[in-house]
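Taking it in order: structure first as structure tokens, then the write-up.
The values are calculated or read from the model by the stated rules, or taken from the named source; none is laboratory data. Being a predicted model, the structure only gives us computed values, none of them experimental. Glycine also receives a Cβ, built like all others from the backbone with ideal geometry; neighbour counts cover every protein chain displayed.
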Amino acid sequence: MNPLPHDSPVDEPAIVVVPLEDQVHNGAASPAQVRMAQRQDEPEDKFPLVALGGSAGSLKAFEQFFQNMRPDSGMAFVVITHLAPDHNSELVPILQKFTAMTVHEAADGLKVRPNNVYVIPPNRDMSILHGTLLLFTPTQPAARRLPIDFFFQSMAKDARERAVCIICSGMGSDGTIGLKMVMENFGMVMVQAPETAEYDSMPRSALATEFVDYVLPAEQLPAKLLEYVNKPLLARPRREVAESASKPAHALQKIFILIRAQTGHDFSFYKRNTVFRRIERRMNSHQIREFTHYVRFLQENPAEVDALFKELLIGVTKFFRDHDAFDHLKMRMLPLLRQKPADSVVRVWAPGCSTGEEAYTLAMCLFECLDSVDRNRYLKIQIFATDINADGIDQARAGMYPESIEADVSPERLARFFNKVDGFYQIKKEVRDVVIFAVHNLTKDAPFTKLDLLVCRNLLIYLSAELQKNILPIFHYALNPGGILFLGPSENLTGFQDLFTPLDVKWKISRRAEGTSTLNRIVSFPFSLARQQANPAPAAGTMHLNSPRKDGPFATLVQRVLLRQYTPPAVVINTKGEILYVNGRTGRYLEPAPGLGGMNVFEMAREELNYELSAAVHKAASTQQDVVTENVKVNTELGVQLLRVTVKCLEEPEQLAGLLLLVFEDQPTPRKVRLGKAGIGSELSRDAVVVALEKELQYTKHRLQTTIEEMESSVEELKSTNEELQSANEELQSTNEEAMTNKEEMQSLNEELMTLNMQYLSKTEELSLAANDMKNLLDATEIATIFLDNDMVIKRFTPPVHRIISLLPGDVGRPITHFASTLRHENLAKDVQQVLDRLISVEANIQTTTGEWYAMRILPYRTLDNYISGAVITFTDITDLKTLEAKLQESSRLAETVAESVREPLLVLDYQLRVLAVSHSFSELFGIDVSQAKGRPLNELDGGIWRQPELRRHLESILKEPSTTFDDLEFDAEFPGAGRRKLLLYGRRIGSEQITESKLLLGLQDVTPA
């Protein structure tokens, strides 16, 4: 993620100051007006500083600019251009002709004042500090100097929002990096319209950054500049703070919502001062004074939302920013790399990579570090570079950068890691292959994990403290033990010193500290582990209250026992009295208890049975022996009934072990006992009543003692259970953390797989495009081509091949030796094998059985990595060429035959004035051997006698113009074989109109006096 520029200072001035802040809050004044009002109250040295940069053709632009600029604008102007280092500059007197302001040549230590123009001297680099110009002797070669960028960057840091930079006509891309710095520090950028510039390279390079405020012809730039600087402050009545305090916040939140709705990115957690200034820049560019109006403008113009989004994503970065920082990083990385196991992967993550300069810088540093590591321990580099700006990611993937990077990258690194392509530097393929670029939002997407190095420079300074509290623990979690965190010089680890151990305080290099869990410190980590409450299944054989009663295996077992031993009403209970099964009609003995429904025998027993049942069940459970109680009285509808209550301990089958069987058996009851309850008491003696009461009292005491002991035991068990639960809770928490870690790792792995998939899709599209281009190229050439591998197996061929070898698409994968050809050439396979063995090409002109001629070439197939992977056979149709050659030879033979048979002396010459044929009379006249004369230049015949300029001029004129002839050209010379001769020459052109196919007829008449 790269929400805002990378290397702005941390302590940014607020967008408004009291008392004008309230006017901004209530809409009475815009931020731009507040800034202009501040300027009116600032000291005299706080004036706008305008820097004009240009190169070839910029003088005309400077002339038009200063002719239209008022001399009392209150601004200072600095002109930076490319000057010859060994010549004095005449730019100062030239510019003085176009402006009433005083034009100075800059001097070391010169204080800049408003309404003055300052010009850079030759062979100097210039910067500014506290309004004072400073000159430096250049350290770069003249071809690599970038004086405009050099000054723009220093001006951006010194003047900040007062800085204005203007790019005019020029070659190259000087000024492109500097204008980004001006934009980052809230300055203003103007560019001369490229169509009005004599050389548009510099303006177009500036426009490509998309950080330009105004694009106008040079003569219109002053008016727009004055309008920007001198915007009036609207006089509005001041409102109450309580009424207006929420309005800017509401407007800002609306802007955040509009951006999030259109782009999916939330800027509400970023520092407000920076966001306000970015919004202010967009408002100024549209001359909008109020926040509420700008919100409406955003609603009506979706394109402006995208423009504001890009404004917030200004990525000011460059290669090897802070050279010393990367040198120290390499020192800290070397021990870590030496400890890595052989054939392992060095994983690096660079969030906020912008256009890729920092990611490729890391790749170059790691490659250089690996040079110092044992070569036998091969290490693979994998760098994940992410950002929320899709356009920046696309540019980073291409790896194309302007020539201006020469100021930041050493010549050695340029030669090792870059290729020069069409005026740009492109990262070499082996470096691009180790960097994986992907769109990724640091605040909501899963992090990359198991990292050896995490580099996040000058990104955290733009995030709120709340967001940083989440991100720094995520960084700790993402790093391997001993992994290194590399932050920007303005960032710190306040509040998280326990997570990281500082290695270099100045350059903010730290190592991951161990022994601290970070999961519980991530306040609002964007991923949540789904919590599931699992109900453990009951163990086999364990009985519960809600176990089935009427049917099933348990019911079958109980019924078998009852049928074998008892038939009276009975219930099966556990030691706590909970009823698990009911047999027969037990309504006379048990009834539902008042209140919430329950199935406990002690609660359901009739009042007369409660004591006896409790005593019998307790005794049976404690002694594990059967207990029988006789003559237990219970009141029924028919009177008092005597019962036998039996409690039997069940031991088999295994599933019923530990349970109790409670049986109710009616006993014979005397009539007098069954009648009325009053009669019962009267029949009992006083001693019997006392014995009964004592018995009940002893039972009660015993039960009380037992209850106390059980309660104490239960308390101990509860304590033990509580400790076990606490331990289990800790284990579950640990398991939960491990599960969360596993899920986060899986999510991270999924993100990486998606990233790799996107990378592969991009590569696939590139390969598909390259394959389409290659197919169309091969089809357009109409050259029969066959691609073979090292075993002479066909890999690919073009359609014209079928005229020579009958190949079909299904023949791919078969050896070439399996096919017959129409070539009158028996050694095709032998020639291919010779090329594969010796790696030298073979060429031959071969005729087919149908009479066609082809130029055959067999070449080794070389991959991009310079490996031989087969051979390529091409057949170029030269039938027409052979036919024409035959015709020419026939024509030449005809000309020779005619020339040799005529009686007059004459010569036949080709277009190079070489002798093709000599007549018999010519050879006799001059004593020339015909066989020796053929093929020789005319100038060499008879010892050079024919080397006459006038004759050559006439012959060449005939070649240039077919209709030209000459007659009776006098030629008087002393010939070695014929003596002194006076000749009249004539010339004609014969044959084709093409010069290279034409022939000349040179005849003569001997007029020598007898």
Response to the item:
Expected output for the range 602-629 (first residue free of Cβ contacts under 8 Å to residues at least 24 places away in the same chain and more than 13 Å from residue 574 (Cα to Cα), partner part of a strand (DSSP E or B) and not hydrophobic (A, V, I, L, M, F, W, C), Cβ below 6 Å, 6+ apart or cross-chain) is 626/648; 628/646
Discussion item. Yes or no: the range 868-879 includes at least one residue that is closer than 30 Å to residue 803 by Cα and in a helix (DSSP H, G or I).
Written reply: yes
Worksheet, complete the sentence: Those residues of the range 92-118 which are in contact with a Ser or Thr (Cβ under 7 Å, 6 or more places away or on another chain), touching a residue at least 24 places away in the same chain (Cβ under 8 Å) and assigned to a strand (DSSP E or B) amount to 116, 117
Worksheet item: Taking the range 179-200 as the region of interest, how many residues are free of Cβ contacts under 8 Å to residues at least 40 places away in the same chain and among the small types (Gly, Ala, Ser)?
Response: 2
Worksheet item: Restricting attention to the range 122-131, does a residue exist that is surrounded by fewer than 18 Cβ atoms within 10 Å (Cβ to Cβ), closer than 16 Å to residue 62 by Cβ, out of contact with any Leu (no Cβ under 7 Å at 6 or more places or on another chain) and in contact (Cβ under 8 Å) with a residue 24 or more places away in the chain?
Response: no
Discussion item. Residue under question is residue 831, and the condition is that it be charged (D, E, K, R) and more than 48 Å from the chain's Cα centre (by Cα); does it hold?
Written reply: yes
Worksheet entry | Subset of the range 396-420 (residues that are over 24 Å from the mean Cα position of the chain (by Cα) and either exposed (fewer than 13 other Cβ atoms within 10 Å of the Cβ) or not in a helix (DSSP H, G or I) (or both)) | 410, 411, 412, 415
Item to complete: Might you check whether a residue that is buried (at least 20 other Cβ atoms within 10 Å of the Cβ), in a loop (DSSP other than H, G, I, E, B) and among the aliphatic types (A, V, I, L, M) occurs anywhere in the range 316-334?
Response: yes
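Would you mind stating whether residue 159 is in contact (Cβ under 8 Å) with a residue 60 or more places away in the chain and either buried (at least 22 other Cβ atoms within 10 Å of the Cβ) or part of a strand (DSSP E or B) (or both)?
Against the criterion (in contact (Cβ under 8 Å) with a residue 60 or more places away in the chain and either buried (at least 22 other Cβ atoms within 10 Å of the Cβ) or part of a strand (DSSP E or B) (or both)), residue 159 qualifies.
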Practice prompt. Answer yes if at least one residue in the range 203-212 is crowded, with 17+ Cβ neighbours inside 10 Å, modelled with pLDDT under 90 and touching a Phe, Trp or Tyr at 6+ places or on another chain (Cβ under 7 Å), and no otherwise.
Written response: no
Practice prompt. Please indicate, with yes or no, whether at least one residue in the range 825-845 is under 22 Å from residue 779 (Cβ atoms) and either modelled with pLDDT under 90 or part of a helix (DSSP H, G or I) (or both).
Written response: no
Fill in: Those residues of the range 579-610 which are touching an Asp or Glu at 6+ places or on another chain (Cβ under 8 Å) and surrounded by fewer than 17 Cβ atoms within 10 Å (Cβ to Cβ), in sequence order
593, 600, 606
Worksheet item: Hey, among 171, 126, which residue is modelled with pLDDT of 85 or more, closer than 18 Å to residue 82 by Cα and assigned to a loop (DSSP other than H, G, I, E, B)?
Response: 171
Discussion item. Please go through the range 943-978 and give me each residue that is among the charged types (D, E, K, R) and out of contact with any helix residue (DSSP H, G or I) (no Cβ under 6 Å at 6 or more places or on another chain), ordered by number.
Written reply: 950, 952, 953, 956, 960, 961, 967, 968, 970, 972, 974
Worksheet item: Of all residues in the range 822-847, which are closer than 15 Å to residue 784 by Cα, out of contact with any Phe, Trp or Tyr (no Cβ under 6 Å at 6 or more places or on another chain) and surrounded by fewer than 18 Cβ atoms within 10 Å (Cβ to Cβ)?
Response: 822, 843, 844, 845
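Check 713, 727, 720, 806 and return the single one that is farther than 27 Å from residue 437 by Cβ, assigned by TED's automatic domain parsing to the domain that holds residue 836 and small (Gly, Ala, Ser).
Numbers: 713 fails: assigned by TED's automatic domain parsing to the domain that holds residue 836; 727 fails: assigned by TED's automatic domain parsing to the domain that holds residue 836; 720 fails: assigned by TED's automatic domain parsing to the domain that holds residue 836.
Result of the check over 713, 727, 720, 806: 806.
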Worksheet entry | Those residues of the range 248-286 which are under 24 Å from residue 212 (Cα atoms), outside any helix (DSSP H, G or I) and touching a residue at least 60 places away in the same chain (Cβ under 8 Å), in sequence order | 265, 267, 270, 271
Practice prompt. Filter the range 954-986 for residues that are assigned to a strand (DSSP E or B) and among the hydroxyl-bearing types (Ser, Thr, Tyr) and give the result.
Written response: 986
Worksheet item: Which residue, of 775, 795, is in a helix (DSSP H, G or I), of a type in the set (Lys, Arg) and surrounded by 12 or more Cβ atoms within 10 Å (Cβ to Cβ)?
Response: 775
Worksheet item: Given the structure, is residue 752 modelled with pLDDT under 85 and either assigned by TED's automatic domain parsing to the domain that holds residue 348 or buried (at least 16 other Cβ atoms within 10 Å of the Cβ) (or both)?
Response: yes
